[in-house]
Amino acid sequence: MARQVLHPPKERLRVVGQRVTRHDAVDKVQARTLYAADWEMPAMLHGAVLRSPYPSARIRRIDPSPARALPGVAAVLLASDVPNNTLWTDVPGQTSEVGALRARIHVLADGVVRYQGEPVALVAAETRELAQQAAELIVVEYEPCAGVFDPVAALQAGAPKVHDEGNLLASWKIRCGDSEAALARAAVVVEGTYRCQFIDHAYLEPESGVAWIDSDGVLVIRVSTQVIEHFRAVAEVLGLAHNKVRVIGPYVGGGFGGKEDVTVEVFLGLLAWRTRRPVKMTWTRQESLLARPKRHPFVLRYRTGATREGELVAQAVDLLADSGAYAYLSALVLMYAAVTAAGPYRVPHVSVQARVAYTNNPPTSAMRGFGAMQMVLGYESQMDQLARRLGIDPVELRVRNALVKGDRLPIGQELDTHVAVAEAARRAWDALGPRPSPSTPEHRVGRGLACNMQPYGRIVWLHDWASAWVGFEMDGSLVVRTGTPDVGGGQASSLCQIAAEVLGLDVGRVSIHIADSALTPLAGTTTATRQLYMSGNAVLQASTVLRRQILEVAARMLETPAAALEMREGAAVAPHGQRVALAAVMKECARSGVSRSALAVYHAPAGDPIDLEHGGGRVFPDYAFGAHAVDVEVDTETGHVRVLRHIACHDVGRAINPQSVEGQIQGGAVMGLGYGLMEEVVLDHGVNLSTLFATYLIPSSLDVPDVEPLIVESGEGKGPFGARGIGEPPIAPPAAAVANAIEDAVGVRITELPITPERVARALGLFRDP
Amino acid sequence: MNERAVAFILNGQSREVHVPAHHTLLDVLRDDLGALEVKEGCGEGVCGTCTVLLDDEPVSACLLLIPRVAGRRITTVRGLGEGETLHPLQEAFAINGAAQCGFCIPGMLLTAYAFLRDHPTPSREEIRRAIAGNLCRCTGYVKIIDAIARVADGRAGRG
Ligand code: FES
Ligand code: FES
């Protein structure tokens, strides 16, 4: 695969930048990795959840006694049995100064159910089948209520209230210049309304975990999660001290944001605490698709004004998102959307009005791209329409308006690292080469481009930090400990590479322990494309401190100044070639009382909350920029769209492991194509019609082309060695690039996702509506 | 509850279980025999995650009721390779970065193994078709197809 280094690294790196085979790869191909559902404990019970069949109802009566009477049932719990029934999902382990952003969820429904699938009761029994059977024996009398299933309807006067405080959950405004006046003066204005859908994370590993109480009386939960800091949430629900709950995160079978929120851990905690026995819970696929938070659907209204020469002058954006029945992370998702809504372009006059409303749909929360990705359909569809109106080449239009380093975003934040929009757009487009020809006379071929910007790392006023411990064993092998969960992106392996680089070791000499809230220094969530950036910097810092400690000792042994020493091949090496093996250095450290380990805490640049509307500064630490270009073929008789080529270009700052970077880009792009072309959780008045993998379709190998990654290495990211995160960015451009390519091919604009054959056929006029 | 004795061969070893007849092969492998290398993704026969070989042919273990397996041979990913030695496909998947979260990989490997056995020199498109029943949410398939092609090329090269 093509990989070009734009700004070659100055220093000589030995391990960083290599296509290292991940340390977990062999275990995974031999299936020795024990995921959450592969764990068992002696005398373990099985848990099950009873869920609401109604999207909106009052609970008149619950009678758990038939379930309690079933032999083999150890516990049946209702809301009244939960010590603190509210789950606060604020940003774990960080500041709680986020006010309205704190999200409340009920652990078990209390008197009212607000979405289909809302948990109502919990059961623990001797077998899985028995637990399920017992759950079904619980008698619940519901009184169905009027519901609201669309955010527009939810905000109308007189709409049924999902929560007493009203249906408007959050709103943000951004103002920069005077967009109305600028639009009135603009030579051309294009307008568009775009809609995107509910989708599911559809990781292959369903939610699962096992909980037990250890011999010190600590509640231990081994759970598939992106956030081990949820031990605090479990402790709060149970009314325990935080230090009496421990979460162990095994390797995760895919997360994509869906394992950022609490899943089974709080249920397991309740059941294990109540029964004093180990309990296991694994959701079925149906349960996962029914009840888990989805990606936010948005209605995006854009008005974009430009000069005749194609210079953007104004962008006015109105966003409305569906939060579903509970807040979860909706207010934050909406903020990501608002901040990035104008796209990676220089626009002097911007206004964004963003709102998110409660409905009786399933809750929506974090998913890869977190609000910033939905906006791409809006701003990139607008750019293409503008290019068409002005008769300017779509690449040229983007290049003319692309942000560059030193520019300011509408919120006032100055971009202080390399901004790769223009070069990514050109390179992705050029890489497509000559246009393919259609396969039959009924087919048309088209080409489309979409650029994007995606923050990485947390909002700066959350004062983000991550910590890591790095230490040598007596034989000179190295151990890294960090709370970082590995969700499949190679998070742990990249950290090994960083430590190996600094300490001059073969990466095979490094072993890493991750994601145990009791035994590994906390590193925050594996979300927000932040782990390479945050834990990477923590490991870099700890390794650098350790290196200094070790070299002092080695310098005495070699009778050379420490500054002259190098660390390589497991030894400290003096300029004249004399060396001392690390095992010998460790012995000397032990003898002379020098520590063989270091603990570091990396604090991300922090800041105070800003008033978005009046601007004034930094919201995110940094952004990643990229562009995808696609060739598509449209069947003019059926509306079927096939993606023929897909080039995905991103500035990753520095590719710590190019193989992992490519994997993130390819996997992300394909998930983006799924979003663009086929995926949708279909709801009918809040009733989920997509609770099977047979009805919720994700791309198979036949649905997508080989995505070709193009890696730009500007070296200017804020992560270790100038890296920036790449977990989320590649998911965003595909849908818009395909929509743009379709218009290029057949002259119709699709404004609603997913771009199904039916939608295309309709736009082509193949259906005659009465 | 209508228990049955069912005997079959698992990775070359005779096994016998006494379980209710409505239990699936997947349940039995995971719950009764501790064959945790077989993963469950959907439980409804769509994702291919639970793929095993039944008399050398790939099947979804979640769809197969246990009586159907009586007297037959089941191969899981542990039946590939020998002991600690990786099968060339496993090696290619590891080296190529084809395993990200790794959850789909055991099933994917078995599908690829059976396919390559029957189609020693496939085209890239044939590989793409062969794995269409095994969903992967992480990799975008490129590196998986690359890994399979790499083994096929190696084999073709050796004639
Ligand atoms: S788990 Fe058997 S096919 Fe999905
Ligand atoms: S590697 Fe995660 S599902 Fe395939």
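With respect to B:Asp153, is the statement that it is of a type in the set (Asp, Glu) and farther than 30 Å from A:Ala36 by Cβ true?
Numbers: of a type in the set (Asp, Glu): yes; farther than 30 Å from A:Ala36 by Cβ: yes.
For B:Asp153, the condition - of a type in the set (Asp, Glu) and farther than 30 Å from A:Ala36 by Cβ - is met.
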Keeping to region B:29-67, report how many residues are away from ligand 2 (no atom under 16 Å from the Cβ) and touching a residue at least 40 places away in the same chain (Cβ under 8 Å). 11
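What about B:Ile131, is it under 17 Å from A:Gly667 (Cβ atoms) and within 16 Å of ligand 1 (Cβ to nearest atom)?
Values: under 17 Å from A:Gly667 (Cβ atoms): yes; within 16 Å of ligand 1 (Cβ to nearest atom): yes.
Yes.
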Note on B:Gln90: of the conditions (1) in contact (Cβ under 8 Å) with a residue 40 or more places away in the chain; (2) away from ligand 1 (no atom under 14 Å from the Cβ), unmet is (1)
Residues that are free of Cβ contacts under 8 Å to residues at least 40 places away in the same chain: which strands (runs of 3 or more DSSP E) entirely in region A:578-675 hold 2 or more of them? A:579-581
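Of all residues in region A:688-699 being surrounded by 18 or more Cβ atoms within 10 Å (Cβ to Cβ) and either more than 15 Å from B:Cys136 (Cα to Cα) or free of Cβ contacts under 8 Å to residues at least 12 places away in the same chain (or both), which is farthest from the other protein chains (Cβ to nearest Cβ)? Steps first, answer last, please.
Kept after step one, since they are surrounded by 18 or more Cβ atoms within 10 Å (Cβ to Cβ), are these residues of region A:688-699: A:688, A:690-691, A:693, A:696-699.
If we keep only those that are either more than 15 Å from B:Cys136 (Cα to Cα) or free of Cβ contacts under 8 Å to residues at least 12 places away in the same chain (or both) too, we end up with A:688, A:690-691.
Details: A:Asn688: 15, A:Ser690: 12, A:Thr691: 10 Å.
The selected residue is A:Asn688.
Return a yes/no flag: does region A:552-563 have any residue that is closer than 28 Å to A:Gln226 by Cα and assigned to a loop (DSSP other than H, G, I, E, B). Steps first, answer last, please.
Step one: filter region A:552-563 for residues closer than 28 Å to A:Gln226 by Cα, giving none.
Within region A:552-563 (the criterion being closer than 28 Å to A:Gln226 by Cα and assigned to a loop (DSSP other than H, G, I, E, B)), the answer is no, since none of the residues qualifies.
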Residues that are touching a Leu at 6+ places or on another chain (Cβ under 6 Å), on the phi < 0 side of the Ramachandran plot and within 14 Å of chain B (Cβ to nearest Cβ), drawn from region A:251-280: A:Gly253
Of the conditions (1) more than 16 Å from ligand 1 (Cβ to nearest atom); (2) closer than 21 Å to A:Asn657 by Cβ, B:Arg137 clears all except one; give me its number. (1)
What is the residue count in region B:100-117 for residues that are without any contact (Cβ under 8 Å) to a residue 40 or more places away in the chain and near ligand 2 (Cβ under 10 Å from one of its atoms)? 4
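Among the residues of region A:228-249 satisfying the criterion of being crowded, with 24+ Cβ neighbours inside 10 Å and in contact with a helix residue (DSSP H, G or I) (Cβ under 6 Å, 6 or more places away or on another chain), which is farthest from A:Thr526 (Cα to Cα)? Walk me through it before giving the result.
Step one: of region A:228-249, the residues crowded, with 24+ Cβ neighbours inside 10 Å are A:228, A:230-231, A:233-234, A:237, A:245, A:247, A:249.
Pick out the ones that are also in contact with a helix residue (DSSP H, G or I) (Cβ under 6 Å, 6 or more places away or on another chain) and you get A:230, A:234, A:237, A:245, A:247.
Values: A:His230: 12, A:Val234: 19, A:Val237: 23, A:Val245: 20, A:Val247: 15 Å.
Ranking the qualifying residues of region A:228-249, first place goes to A:Val237.
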Residue ID - farthest from B:Leu135 (Cα to Cα), chosen from residues in region A:700-714 that are buried (at least 23 other Cβ atoms within 10 Å of the Cβ) and within 16 Å of ligand 2 (Cβ to nearest atom): A:Val707
Do you know which residues across region A:277-317 are β-branched (Val, Ile, Thr) and in a loop (DSSP other than H, G, I, E, B)? A:Thr284, A:Thr307
A careful count of residues in region B:93-121 that are within 16 Å of ligand 1 (Cβ to nearest atom) and aromatic (Phe, Trp, Tyr) gives 1
Helices (runs of 4 or more DSSP H) fully within region B:38-154 counting 1 or more residues that are among the aromatic types (Phe, Trp, Tyr), within 8 Å of chain A (Cβ to nearest Cβ) and crowded, with 24+ Cβ neighbours inside 10 Å: B:88-96
Only one residue in A:Gly488, A:Gly406, A:Gly476, A:Gly433 is over 25 Å from A:Glu311 (Cα atoms), modelled with pLDDT of 95 or more, in contact with a Leu (Cβ under 9 Å, 6 or more places away or on another chain) and not aliphatic (A, V, I, L, M), so which one is that? A:Gly476
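Taking the condition in contact (Cβ under 8 Å) with a residue 24 or more places away in the chain and either in a loop (DSSP other than H, G, I, E, B) or hydrophobic (A, V, I, L, M, F, W, C) (or both), does A:Ile750 pass?
On the way: in contact (Cβ under 8 Å) with a residue 24 or more places away in the chain: no; either in a loop (DSSP other than H, G, I, E, B) or hydrophobic (A, V, I, L, M, F, W, C) (or both): yes.
Spelling it out, it is not the case that A:Ile750 is in contact (Cβ under 8 Å) with a residue 24 or more places away in the chain and either in a loop (DSSP other than H, G, I, E, B) or hydrophobic (A, V, I, L, M, F, W, C) (or both).
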Quick check, is B:Arg4 modelled with pLDDT under 95 and either more than 11 Å from ligand 1 (Cβ to nearest atom) or assigned to a loop (DSSP other than H, G, I, E, B) (or both)? yes
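The values are calculated or read from the model by the stated rules, or taken from the named source; none is laboratory data. It should be emphasised that the depicted structure is a prediction, and the values quoted were computed from it without experimental measurement. All Cβ positions, glycine included, derive from the backbone under ideal geometry; neighbour counts span all protein chains shown.
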